[in-house]
Amino acid sequence: FNSDWEDIIIWATKYFEEHIKPETWTVNMLLYACDHTKKEVQHFGRKMITQHFTEEKGLPLLLKLQEHPTKTMQFFVTNYLDDYAKGNVEVILKLETYFKTTLFNINENRVAKTRVYTFLEQESIKNKSVAVMTTRLVEAVLGTNTLIDTSNNIDLLLAIAEAHPDIEIPLLIKQN
């Protein structure tokens, strides 16, 4: 994968895809491909994860991939939120940095942000700890004074306020 010759990389990805058994792919091997500096190797890594994502590899991969800085990988991680984080407060709280990074992408990565907002709303309604974390995240995003996600942020905070009236949210709600 570190070769400067594209034909070697093409050969290697094809060989590994066709001849290496799924049980041989460790979490570290999959992460190596995803963390590679070359986009074609990262693409190969995502493809191998999709093919070899198993229950025992799922959570460790999710927790490691959430640290990846690229927008492509942030979007890719959203595919696994429901399978490996949904209903698991401990895991959701560990993903706080990932959520923050994704939500702070100003005018970028719209689909990933939408998925994260939806996931956080669903989980915040179910669990107070997640709601507190989400409120903290949304407050930080609102502090950037960007207008694009203001509607999503307000909707999310109102859903949290309705589900958990004892959580203080950074909105002033006026009654008519």
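Points to keep in mind about this one:
- For the stretch 60-106: relative contact order, % (alpha-carbon pairs under 8 angstrom, 6 or more apart): 39
- Contact order normalised by residue count of the chain, Cα under 8 Å, 6+ apart, percent: 13
- Using only side-chain charges placed at the Cβ, +1 for Lys and Arg and -1 for Asp and Glu, the dipole size of the stretch 1-156 relative to its Cα centre rounds to 260 debye.
- Within the shell defined by Cβ-Cβ distances under 11 Å, the residues around R110 carry a net charge of +1, with Lys and Arg each +1 and Asp and Glu each -1.
- Alpha carbon convex hull of the chain, volume per residue in cubic angstrom: 111
- For the stretch 1-124, the share of accessible area belonging to carbon and sulfur comes to 54 percent (1.4 Å probe, ligands and nucleic acids excluded).
- Hits among aspartates and glutamates - C-alpha to C-alpha of K64 under 18 Å, sequence gap 8 or more where chains match: D35, E55, E56, D82, D83, E90, E96
- The stretch 73-176 shape via C-alpha gyration tensor axes, a/c threshold 1.5: oblate
- Environment charge of V138, counting only residues whose C-beta is closer than 14 Å and scoring Lys/Arg +1, Asp/Glu -1: -4
- A prolate overall shape is assigned to the stretch 26-95, the ratio a/c of its alpha-carbon gyration tensor axes (a ≥ b ≥ c) being 1.5 or greater and a/b exceeding b/c.
- Positive-end residue, the chain charge dipole about Cα centroid, Cβ charges, pick of M73, L156, A85: L156
- Set K14/K94; K21/K126; K39/K94; K39/K128 screened for pairs whose C-alpha atoms are more than 31 Å apart: K14/K94; K21/K126; K39/K128
- Adding -39500 (n - 2.57) for every DSSP H run of four residues or longer, then dividing by how many residues the chain holds, sets the calculated 222 nm ellipticity at -20500 deg cm²/dmol.
The values are calculated or read from the model by the stated rules, or taken from the named source; none is laboratory data. All of these numbers come straight from a predicted model, not from anything done at the bench. Neighbour counts run over all protein chains shown; Cβ positions are idealised from the backbone, glycine included. Surface areas here come from the heavy atoms of the whole protein model, side chains and all, with no ligands, DNA or RNA. Shrake-Rupley method; radii C 1.70, N 1.55, O 1.52, S 1.80 Å.
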